[in-house]
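Worksheet for the structure shown next.
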Amino acid sequence: MVTFNFESKEYRLEFDRRTALLTEKSGFNLAEIGSKPHSNVPLLVWGAFQKNHKKVSSDEAMRIFGALGSKTELINRLIDEYSATYADIFGEEGKDENLTDWQAR
């Protein structure tokens, strides 16, 4: 989670599966963040606000982002937050030991 204070308000930026999906449906593509930063960075930043600050618009998210320092480090941290949601889909943690593994036949 990324936290900071801006204009006397505390912000917590993070992703869950719902906000990662919302960000993807809005056009975000992690594989293209380096080649298409003008479209993907604003979507990543906006998406990170959506879990805890749903009323923050894309324009407002970018205005706040513009005021923050260490942007490369911040983007990398948001990428880590976004990528952590993959564990919910592909991870083995929390696997029910009473269920058997599947097999292809």
Only unsatisfied item for E7, checking (1) exposed (fewer than 14 other Cβ atoms within 10 Å of the Cβ); (2) in contact (Cβ under 8 Å) with a residue 12 or more places away in the chain; (3) not aliphatic (A, V, I, L, M), is (2)
Pairs only if they're at least six apart or on different chains, beta carbon under 7 angstrom, first in the stretch 69-81 and assigned to a helix (DSSP H, G or I), second of a type in the set (D, E, K, R) and surrounded by 16 or more Cβ atoms within 10 Å (Cβ to Cβ); list them, first residue then second.
E81/E14
Residues of the stretch 27-53 satisfying the condition of being under 16 Å from E73 (Cα atoms) and outside any helix (DSSP H, G or I):
I33, G34
Would you mention how many residues in the stretch 57-83 are surrounded by 11 or more Cβ atoms within 10 Å (Cβ to Cβ) and under 13 Å from G47 (Cβ atoms)?
10
Filter result (among the β-branched types (V, I, T) and either open to solvent by less than 70 Å² (accessible area, probe 1.4 Å) or modelled with pLDDT under 75 (or both)) within the stretch 84-105:
T85, T100
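The values are calculated or read from the model by the stated rules, or taken from the named source; none is laboratory data. Note that the coordinates shown come from a computational prediction; the quantities given were computed from them, not determined experimentally. Virtual Cβ from ideal backbone geometry, glycine too; neighbours counted across all protein chains shown. These accessible areas exclude ligands, DNA and RNA; they are computed on the full protein's heavy atoms, side chains included. Shrake-Rupley method; radii C 1.70, N 1.55, O 1.52, S 1.80 Å.
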